[in-house]
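**Q** I am attaching a structure below and will ask some questions about it afterwards.
What follows is calculated from the coordinates using simple rules that are stated; it is not laboratory data. The shown structure was predicted, so the numbers you read here are calculated from the model rather than taken from an experiment. Counting neighbours? That spans all protein chains shown, and the Cβs are built from the backbone with ideal geometry, glycine included.
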Amino acid sequence: MLRVLGIRVDEYDMQQSLDKIGALLSCAQPYTQQVVTINPEGVWLAHADNQLAQIVEQAAVVTADGNGILWAARKLGRPLKERVAGIELMEKLCQRAADKGWRIYLLGAKPGFAAQAAQVLETTYAGLNIVGTENGYFREREADVISAIRLAKPDLLFVALGMPFQEQWIYTHRKELGCKVAIGVGGSLDVLSGHVKRAPQLWQKLKLEWLWRLLSDLKRWRRYLVIPRFMHAVKKEAQYLQKEKA
Ligand code: UDP
């Protein structure tokens, strides 16, 4: 297993991630198993927050979401085959869910977004069974929201509350949610509902998706300050590992 700044990242490609999650969904689970899709910002947060690092550590699957993680893996001498982005994992899981009959619940984003995303997903993947949706601004109604999820009996819960809140929330409530697997998917419901545009393919190919996101929402600029710090720390870690080897 790869560790970036001490934080766990599984060396799975998309197919392996899907198979691993599929295996979790195909049998009973004692409580909700957590999937984390981690990007450099997430690694940086977990690196400075032991509790978050522990949450990542106990997860069933931790996928490498972001070219920054792929870059770090190369620097650390353990290159990864591909990026496993939250939104792509979500779409591919919905495709499988339509075949396998897995029950899906969407939680998060602004009021109405999850329901709109559900419509889009149900149209795209014929037969997909979305058993409930709820927006992500529910602090005063948290107990009711958890009861509604339990009652709907989903197999798979997508939680789009942003990192690290979604990871903390899934972990805190993993024994109450009554579903087999819960995955934090960040801003995916904003994109699937059509309110936020994902970077065009060319930008994605040029590994400029981060720049697209920044230009689409300049309020996010502060979040990018961690990137040079992340890169500097990874370079130092790589040098240290080299020296240890020599
Ligand atoms: N969000 C939410 N409840 C909150 C805070 C945020 O549902 O209390 C949603 C927000 O509306 C957005 C998502 O969480 O849909 C966070 O998106 P962002 O792109 O910032 O997440 P990232 O992918 O960077 O983790």
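**Q** With a cut-off of at most 16 other beta carbons within 10 Å, and DSSP calling the residue loop, which GluC sites (Glu not before Pro) in the range 1-69 qualify? Please list them.
**A** GLU11
**Q** Once label points are set 7 Å from the Cα along Cα→Cβ at both GLU82 and TRP203, what is their separation, rounded to one decimal in nm?
**A** 2.2 nm
**Q** If you don't mind, another one. Kindly rank 226-232, 127-133, 30-36 from highest to lowest mean number of other beta carbons found within 10 Å of each residue.
**A** 30-36, 127-133, 226-232
**Q** With a cut-off of 8 Å between alpha carbons and a minimum separation of six or more residues, what is the relative contact order of the chain in percent?
**A** 23 percent.
**Q** Test of understanding: extend the Cα→C-beta vector of ASP99 to 7 Å, then name every residue of the range 18-45 with backbone N under 17 Å from that spot.
**A** Correct set: 18-27.
**Q** Here's another thing I want to ask about it. For ASP155, which sequence-distant residues (separation of 5 or more, or a different chain) have an amide H within less than 5 Å of its own amide H, given hydrogens modelled in the peptide plane?
**A** It is ARG103, ILE104, by chain and number.
**Q** Report, in deg cm²/dmol and to the nearest 500, the calculated mean residue ellipticity at 222 nm for the chain, where each DSSP H run with n ≥ 4 adds -39500 (n - 2.57) and the sum is divided by the residue count.
**A** Result for the chain: -15000 deg cm²/dmol, rounded to the nearest 500.
**Q** Can you grab the distance from the C-alpha centre of the range 201-217 to the C-alpha centre of the range 136-180, Å, no decimals?
**A** Measuring centre to centre over Cα atoms gives 30 Å.
**Q** Among DSSP beta bridges lying fully in the chain, give the percent that are antiparallel, nearest 5.
**A** 10 percent
**Q** Set Lys and Arg Cβ to +1 and Asp and Glu Cβ to -1, take the dipole of the range 165-246 about its Cα centre, and tell me which of GLN168, GLN242, VAL196 lies farthest positive.
**A** Going by the Cα projections, it comes out as GLN242.
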